[in-house]
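Peer 1: Quick one: the structure is below, questions incoming.
The values are calculated or read from the model by the stated rules, or taken from the named source; none is laboratory data. Predicted, not measured: the structure shown is a model, and the values here were computed from it. Neighbour counts run over all protein chains shown; Cβ positions are idealised from the backbone, glycine included. The protein model used for the area step is the full one, side chains on, heavy atoms only, and it has no ligands, DNA or RNA in it. Shrake-Rupley method; radii C 1.70, N 1.55, O 1.52, S 1.80 Å.
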Amino acid sequence: MASNAKDEGNGKRKLSNPAPGHLETAVDGAANGVKKRREELNTPKCKDIQWLGLNCGDNIKTMISGLLKKWCELQADIYIVTPFIDKEGLSMIKEAIKDRWFIMALYTRDPQKELDEEVPLEDVMEGILTRGDVSSLRVGLVSQKLYFHCKFIAARFSDRVEILMTSANLTSAHFMHEQIDSVHKYTVTPKVFEDQYLKMLDESTEEYSWPSVEKDQSDHMKASSMIHATTVIKKATGLKTALGLPNLGPPHHLHRMRMAR
């Protein structure tokens, strides 16, 4: 254990040399603590990446994934903006949020493009991202000439918004090591984020309609209506029988409902 010794020249106390091995143990312990905390937050090592300038695609993916996981841990309002996204990009988002958090808003395009062919966004998301993962999904519709080309992820807190702006789309092509894109991490105020980012994005996009969900809900409503109609018919028929009245069939509006089904 380190001991204090008096410096005879100036009357001050100085720290004597620590016992062999103690300093190394303390340093190793501190390093392990930092490493453990970094792993808990799933954030990339700062020395391995550059938060400003150009970087390789695989590093940018690590940066984006690490930030999304960190922001989920902090339960921030998360925004993702990317014109193009594929299953690898969607899987990265899903892995970051898992079942512990959600995306406040995702801005992208519908349809998407794969090998120069148009693919419905619904097909790209199938089996990966669901309506419960995203509070708001907004799309720029190419057919209506609603475009945007910016790409960034952002986390809104009560006093600030952290932004990672990049030239990389969230696609496997941009996540390759050979692909070089720009990155810039910075902070703005919530008001600036609303006025200079979200306002223009909201003006050039519209809320996405989830076809499969709407179809399921529509089928469920039709089925419920038929069950209700059948119950009413049975009750009406039973009442007529009990009163000795002729059974002339269901009322016209119920008959039309059954015929429409």
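Peer 1: Of the accessible area of the range 51-209, with the probe set at 1.4 angstrom, what percent is carbon plus sulfur?
Peer 2: Values: 3930 of 7650 Å².
Taking all protein chains in place, the range 51-209 shows 51 percent carbon and sulfur surface.
Peer 1: So for C72, C150, what's the accessible-area order with a 1.4 Å probe, most first?
Peer 2: Numbers: C72 5, C150 50 Å².
Of C72, C150, the descending order of accessible area is C150, C72.
Peer 1: Still on this structure: Tell me the net charge near E114. Cut-off is 10 Å between Cβ atoms, E114 excluded, with +1 for each Lys or Arg and -1 for each Asp or Glu.
Peer 2: -3
Peer 1: OK, next. Quick one: which residues, 5+ away or cross-chain, put their amide H under 5 Å from the amide H of Y208? H built at 1.01 Å from N.
Peer 2: L137, R138, V139
Peer 1: Taking amide H positions as placed 1.01 Å from N in the peptide plane, with prolines and chain starts having none, which residues 5 or more places from V134, or on another chain, fall under 5 Å of its amide H?
Peer 2: Answer set, sorted by chain and number: I103.
Peer 1: Which of P83, S172, V161 sits farthest toward the positive end of the charge dipole of the range 78-190, with +1 on the Cβ of Lys and Arg and -1 on the Cβ of Asp and Glu?
Peer 2: Sorting the options by dipole projection puts first V161.
Peer 1: Can you check what the net charge comes to around Y79, using other residues whose Cβ is under 12 Å from the Cβ of Y79 (Lys, Arg +1; Asp, Glu -1)?
Peer 2: -1
Peer 1: Let me ask another. Tell me, what HN-Hα J-couplings in whole Hz come from the Karplus equation 6.51 cos²θ - 1.76 cosθ + 1.60 at θ = phi - 60° for each residue of the range 199-209, using x for Gly and Pro?
Peer 2: With coefficients 6.51, -1.76 and 1.60, one gets 4, 5, 5, 5, 6, 9, 9, 9, 5, 6, 9 Hz.
Peer 1: Another question, then. For the range 95-167, what relative contact order do you get, as a whole percent, if you take Cα pairs closer than 8 Å and at least 6 residues apart?
Peer 2: Relative CO of the range 95-167 lands at 28 percent.
Peer 1: How much net charge surrounds A168 when only the other residues with a Cβ under 15 Å from the Cβ of A168 are counted, with Lys and Arg +1 and Asp and Glu -1? Mind showing how you got there, number by number?
Peer 2: Values: positive: K61, K151, K185; negative: D58, D86, E88, E178, D181.
Surrounding charge for A168 is -2.
Peer 1: Where only protein heavy atoms count, and the probe is 1.4 Å, what is the accessible area per residue for the range 114-193 in Å²?
Peer 2: Accessible area per residue: 53 Å².
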